1. Pick from 22, 64, 42: which residue has the top mean-square fluctuation in a GNM of the chain where Cα pairs under 10 Å get a spring?
2. Within a 10 angstrom radius of the beta carbon, how do 66, 26 rank from fewest other beta carbons to most?
3. For residue 44 and residue 9, compute 0.36 nm times the residue count separating them, minus their Cα-Cα distance, and round to one decimal in nm.
4. Can you put 58, 70 in order, fewest other beta carbons within 10 Å first?
5. In percent, how large is the relative contact order of the chain, given Cα pairs closer than 8 Å and 6 or more residues apart?
6. What is the range 27-66's relative contact order, in percent, from Cα pairs under 8 angstrom and six or more apart in sequence?
7. Run the numbers for residue 16 and residue 73: contour at 0.36 nm per residue of separation, minus the present Cα-Cα distance, in nm.
8. Name the most mobile residue of 56, 21, 36, meaning the one with the largest mean-square fluctuation, in a Gaussian network model of the chain with Cα contacts below 10 Å.
């Protein structure tokens, strides 16, 4: 990661997309939670995600499902 930041190497395109999605999701979650809560949210199993972890969905190119749950937070309909 530090070599990516320093510009010494460029991440693989798939990894770059995962990092980009994760960065966006974390930014959205920061509107509601502390950093420790965000970390727990990403790694916890969610009923709204069919019992899956948000981090696993992001890694498997299913970030839109995670964002749909966050959108419900925006609309105060999170259960």
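1. 64
2. Ascending number of Cβ neighbours within 10 Å: 26, 66.
3. 9.4 nm
4. By the 10 Å Cβ count, ascending: 70, 58.
5. Across the chain, relative contact order equals 21 percent.
6. That works out to 24 percent.
7. Contour length minus Cα-Cα distance gives 17.9 nm.
8. 36
Each value in this text was obtained by applying a stated rule to the coordinates, not by laboratory testing. The structure displayed is predicted, hence computed values, not measured ones. Every residue, glycine as well, gets a Cβ built from its backbone with ideal geometry; the counts of neighbours run over all protein chains shown.
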